[in-house]
Amino acid sequence: MTKKNILSLLVALTFSLQIIAQESAIYTNPLADYQKALALYDNQVYGAAQNLFQEVKKTTNEHSVAGDCAYYAANCAIRLNQQNAEQMVEDFVEDYPTSTKRNTAYLDVANYYYDQAKYAYARKWYNKVDVGALSYAEQEKYNFNRGYTAFLTKQYPDAKKYLSKVESSQEYGSQAKYYIGYMAYQGDDYDEATAYFDQVSNQERYQEKMSYYQADLNFKLGNFEKAIDLAKGNLDSSTSEEVSELSKIIGESYFNLKKYPEAIPYLKAYEGKKGKWNNTDYYQLGYAYYMQKDYQNAVSEFNKIVEGNNSVTQNAYYHLGESYINLDKKQEALNAFRTASYMNFDAKIQEDAWLNYAKVSYEIGNPYESAPQVLTGYLDKYPDSAHTEEIQSLLIDSYITSKNYKEALKLLKSNNSYESKVAYQKVTFYRGLELYDEGQYAAAKEMFTNSLSEPRDPKYTSRATFWHAESDYNLTNYSEALISFKQFEQQAESAEAPEIKNLDYNMAYTYFKLKKYEQSAEYFNRFVSGGTGDKARLNDAYLRLGDAYFVSSNYDEAISAYDKAININEINSDYPAFQRAMSMGYAGSASKKINALEQFISDYPKSKLRDDAMYELGNSYVKENNIDKAMTAYNALSAEYRMSSFVPKALLRQGLVYYNASDNAKALTKFKTVASDYPGSPEAVQAVSTARLIYIDMGEVDQYATWVKTLDYVEVTDVDLDNATYEAAEKQYLDNNTEKAIKQFNEYLSQFPRGLNALNAHFYVAQLYTKQGLPDNASSHYKYVVDAPQSQFSEEALMKLAQYHLDKKSWNGATPLLSRLENEASFQHNVIFAQSNLMKANYQMANYQQAVAYAEKVLANPNIDAKIQGDAHIIIARSAMKTGDEAKAKAAYQRVEKVATGETAAEALYYSAYFKNATGDFEGSNVEVQKLAKDFSVYKYYSAKGLVLMAKNFYALEDAFQATYILESVIQNFSEFDDVVIQASEDLALIKEEESKTNASVHSED
């Protein structure tokens, strides 16, 4: 500066100072305030600075000063994060277009946001900057900041564009190359990444950061040995997080080099992303163990893979199946192979998984589909497989071993090979046995007929013949049954059949039902002389032998047979004791009969035959002309058994005794009692008829007429017509002309609704309707008999009407009838029928205590068959479960297992598994579920429930794959069982939620 210029400046300043001094009394000095505001701004006191800049802007007349104030006030607003800050910057640019700070305003805001790490905001303002107006140094900073801002906001194309502009910069070049290299690394451009990283690898500030990237780059480029060397070289100097990542690189590199022992410790050292592994991580460690034949550890890694549908999971599940096979865990292997076989990423693995899935299904059964279906599915999918012949052989045998006969039949019907026909004979035979055990005799007979239509194996031909006869017997086709039994007897193979031991017994019964008592006795004798370990059956054979002799009037032989039955005493001995007494009487020894009956009445106080014995004793005394003792016996009967059908008979007998003794008054009293208390009964009809004779003898016909009018079931003038009409219908009945008999009985009841023979007519027409399979028609007639006074028809009518209501599931209708039958029945089998069905009905009505009480009554009878025993135990078990008494339920289900068949056996097996699970015996529980799947897969409800239980067991055993796979399969395959699917869905959600905490590939089901 020249001296002249300096002088001019001094003059100007002096002049200005004079002016300022002159104005200071009135105005604030704007320049001083501006400088003060700048000082506050530089010291970051933005609020005070902003206020002062805005005051100066209002008071200054200098446009440039006002522009500068607007510029700084807007910058203060940015730094104070004021709501209108950005608008203030835009207003400044618009209001002062000639300001030198116009371009700087955008850059300053952008740089401020950049320094504050608000990169999205920074990027917005960098976009407004006119780069051409910046200095070279400012441009370098602009390009780096803008590139770095894009890098951090993952706008990699923009980032590379701006960072590439400063690659050669002294200040920013190294950072730019590092970030460009990193973006190439992230974009899997490993060559470019290596080139950039190599340029900055000698700089200490990047060496530590690039130790992982360079190792990973070499790993991804397939330079596994170099990756191992680089990663190992940096382990000691790395953070724990970096050690985890480097360990993963080392482990995977060894894995890819097939150096599995070396890979394992490094794969295990990996801590995952955010503490979580993914399916690939578990697969690699599991496969490394698998290749070392450490199958237990392989399983523990593979089974953590619970979601995924890719080549990794297909590989994992296949090798998981292989590992399970080597550990002899075939149920677990089944699920693993099944999963791998459904994935098609690797066709060879898929086919091999299918093959293994089919073989294991054959060996242990399959809860999802029958083994034959699996084997057929394999053959359909791989018709040219080298294993075709092997699988076909397994297929034939699987029809039998799977016990899923129903499904097997569907598959067999479409196959006409010789082997399939052999299998068809066996399958239809075993399916027939299943149906027979379920009481479906007509369907069973059809199956045995089908089996006999393919007589390939003589052993099964023989056995099917026997059970065909048994089915006919239970269908009351006794003549057809006899023919089949004889055919069985004549077949050579029958000698080795298990059924042969009871053939004589069964044929004897068939002859008995055909009323061919001589032949029946012959076969019963053959059976008892053959010797048998079955004492109950032997006991029964002697009973029926006695009956056959009794009916044939061979009373001495009958007495001998009954004596032997009494001595065996496996079946209640009251029946043979009573029959023995009756036989003595028919054999002509009245005194022995009387003694035997008196002994019977004393020895069997609770027998259902005791009222029979009292009645017979009275009759015997009458024959011996010992009237007093006869009357005593009859009176005892009437007093003790008021509901017995023998009471009206006894009263009638008493009346006849008095009538024969010419004691008309006492006779009439008895006859009138019978007529009034048992209206319409045969005894009442006879009582009226005999009373008529007494009144005639006494010459008091008018009194008879008056009395008879009080009896609405007697129409004096129509007696002959009544009898004639009834007898016509009865003749058709006795001649087995069913249709005509029904028609004429109904005509009789229409004409004589309260006729002398109405009771008989109602009962017989009910029987005929039942025979025709018309239970609704029969029910009203049985009800008439049931509602009538006690008669010889009451017991059977009660049983039939109760059965009608049971079939309709009308428990309220059935229970009062069953209760009556229990109390009134003379035959023990009807008592058992009543008690067993009262047990079931009360259970259905949720009367669990009564159900258990009746079940215990049933079990107290030593002569019930295994099926009823099983029913009783199952009712006790189910009731105990309903009332929360699991200890009692457990004991009951254990007893059920010993005697049950079919679905009940499946239920018992399920609860065996259930209780084992409850006590922590998870492996034992799974064994039970496997039995359920193999032997009872046809009962899908319990199969489904068993699978849910198995899933719980596996999860408790830390096998997440098995647990989730099984639950997903249940949800997919058993949609018809809502309760099971809901439980499976809830359990699956809980497991996935838990597994998602450690496995990044698992997504919890929210």
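Values computed for the structure shown
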quantity	calculated
Top positive-direction residue, dipole computed over the chain with Cβ charges, set Gln186, Ala687, Val299	Ala687
Karplus 3J(HN,Hα) series, Hz, for segment 874-879 with 6.51 cos²θ - 1.76 cosθ + 1.60 (x for Gly, Pro)	5, 5, 4, 5, 5, 5
Leading residue at positive end of dipole, the chain (Cβ point charges), from Phe745, Gln962, Leu257	Phe745
Dipole magnitude of segment 497-571, debye to nearest 20 (Cβ charges: Lys/Arg +1, Asp/Glu -1, about Cα centre)	180 debye
Unsatisfied cross-links (Cα-Cα over 26 Å) in the set Lys160/Lys232; Lys348/Lys931; Lys666/Lys709; Lys403/Lys809; Lys740/Lys783	Lys160/Lys232; Lys348/Lys931; Lys403/Lys809
Dipole of segment 497-571 [Lys/Arg +1, Asp/Glu -1 at C-beta], most positive-end residue of Asn554, Gly530, Asn506	Asn506
Crossing angle, helix 848-859 versus the chain [Cα axis fit, 0-90 degrees, rounded to tens]	50 degrees
Rg ratio (alpha-carbon, reference 2.2 N^0.38 Å) - segment 497-571	1.01
Amide H contacts of Asn999 (H built 1.01 Å from N, under 5 Å, at least 5 apart or other chain)	none
Length-normalised contact order of segment 497-571 in % [C-alpha pairs under 8 Å, at least 6 apart]	27 percent
Computed magnitude of the charge dipole of the chain (debye, nearest 20; Cβ of K, R +1, Cβ of D, E -1)	580 debye
Angle in degrees between helix 311-326 and the longest Cα principal axis of the chain, rounded to the nearest 10	50 degrees
Lys, Arg +1 and Asp, Glu -1 on Cβ, resulting dipole of segment 329-437 about Cα centre, debye, nearest 20	320 debye
Peptides ranked, highest mean first, by Cβ atoms within 10 Å: ranges 753-762, 430-439	753-762, 430-439
Separation in nanometres of the label points that stand 7 Å from Cα toward Cβ, at Asn625 and Thr449	6.4 nm
Rg over Rh [alpha-carbon atoms, Kirkwood Rh] for segment 720-769	0.91
Reduced Cα scattering model of segment 499-639, Debye log10 I(q)/I(0), q = 0.08, 0.15, 0.19 Å⁻¹	-0.24, -0.74, -1.02
Cut-off 14 Å between beta-carbons: net charge of the residues surrounding Asp380, Lys and Arg +1, Asp and Glu -1	-2
Relative packing of peptides 354-366, 266-278 - highest average C-beta neighbours within 10 Å first	354-366, 266-278
Chain lengthening between Ser589 and Thr98 when straightened (0.36 nm per residue, less Cα-Cα)	161.8 nm
Residues Leu932, Leu412 arranged by fewest to most Cβ contacts within 10 Å	Leu412, Leu932
Residue-count net charge about Ser244 - beta-carbon cut-off 10 Å; Lys, Arg +1, Asp, Glu -1	-2
Segment 929-956 versus segment 53-104: alpha-carbon centroid distance in Å	79 Å
Degrees, to the nearest 10: 811-824 long Cα axis against longest axis of the chain	40 degrees
Whole-Hz couplings from phi, Karplus 6.51/-1.76/1.60, listed for segment 86-101; x for Gly and Pro	5, 5, 5, 5, 4, 4, 4, 5, 6, 7, 10, x, 9, 5, 5, 8
Translational D in µm²/s for segment 368-494 (Stokes-Einstein at 10 °C, 1.306 mPa s, Kirkwood Rh from C-alpha pairs)	104 µm²/s
Under 10 Å, Cβ to Cβ, from Arg653 - net charge with Lys/Arg +1 and Asp/Glu -1	+1
In sequence order, calculated HN-Hα J values of segment 157-166 (Karplus, 6.51, -1.76, 1.60; Hz; x Gly/Pro)	x, 5, 4, 5, 4, 7, 5, 4, 6, 10
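The numbers here are math on the coordinates, done by the rules we state, and not lab data. Keep in mind that what you see is a predicted model, and the values were worked out from it rather than measured. Cβ coordinates were reconstructed from backbone atoms using ideal geometry, including for glycine residues, and neighbour counts include every protein chain displayed.
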